[in-house]
Amino acid sequence: MSHSLPHDPSFFAEMSDVKPLSESDKVALTNKTTETLAQRLKREALIAEVEMDDNGLSVDKVEPIDPHDFIEYKQDGVQHGVYKNLRLGKYQIDVTFNMTQMKFDEARIGLYKTIKDCHERGIRTLLVQHGMGLNSKPFPAFLKSYVNQWLRQIDIVIAFHTALKQHGGLTSVYVLIKKHPDQKLINRERNRRVG
């Protein structure tokens, strides 16, 4: 069925001053509705990507270590007794971060985020489970080698040491984090919530 214009002369009379829209008259319709799940996930992925690039943890070359090697590090100024207590697993472990089943980028972002989060919350000691990586690709102890490098690149990590057998031994590492500048305030808050 074809649509033709009305033949009523009064219609044409009414329409005589109407001009067709030009390009400059067109209005772009904006969708003001809330973002869809797909859009939100895409935005979050982009944010995570930016965080990953900004956290300063290297992805290029790493010094491979043997799966059976101890990994250890201490910043200048860390007291011998403090480091010894860390090495002997004497500090309470408030957080455990297990990266053994994670993809490389997930592990990298997660490690950085966990350490930053612990620092903000006034948590001083955590256990990082990196696994031994006997059969990891492209070389044995792949993730362990990177953890050894990454922890040195995070300025708030003041010491780390391979864990004792009861905490995972060669598959895990104790990490000691610098005191937060507001540590007293954080402790007071924590004690108020507990008490």
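Taken together, the values in this text are just the output of simple stated rules run on the coordinates, not laboratory data. As the structure is a prediction and not an experimental result, all values here were calculated from the model. Reconstructed Cβ throughout: ideal geometry from the backbone, glycine too, with neighbour counts over all protein chains shown.
Here the simple spin-label model places points 7 Å from the Cα toward Cβ, and for R121 and F70 these points are separated by 2.9 nm.
Amide H contacts under 5 Å for I71: T162, restricted to partners 5 or more places along the chain or on a different chain, H placed in the peptide plane at 1.01 Å from N. The slack in the chain from I156 to F139, taken as 0.36 nm per residue of separation less the alpha-carbon distance, amounts to 3.2 nm.
Compared with the direct C-alpha span, the chain from S16 to Q183 gains 52.3 nm at full extension, assuming 0.36 nm per residue. The trypsin sites (Lys or Arg not before Pro) of segment 108-195 that meet both conditions, a loop assignment by DSSP and at most 15 other Cβ atoms within 10 Å of the site Cβ, are R121, K179.
Across all C-alpha atoms in segment 140-195, the radius of gyration and Dmax reach 15.3, 48 Å.
Between Q39 and E63, the modelled labels are 4.9 nm apart [label points 7 Å from Cα along Cα→Cβ]. Taking a sphere under 12 Å around the Cβ of D69 and counting the other residues whose Cβ falls inside, with K and R at +1 and D and E at -1, yields a net charge of -2. What the Cα atoms of segment 72-190 give is an Rg and a Dmax of 14.1, 47 Å.
3J(HN,Hα) along segment 65-80: 10, 6, x, 8, 6, 7, 10, 8, 6, 8, 5, 4, x, 6, 5, 4 Hz, from the Karplus curve 6.51 cos²θ - 1.76 cosθ + 1.60 with θ = phi - 60°, whole Hz, x for Gly and Pro. In terms of Cα to Cα distance under 23 Å, which lysines are near enough to K84, apart from those fewer than 8 places away along the same chain? Within the straight-line cut-off, K84 pairs with K74, K144, K165, K178, K179.
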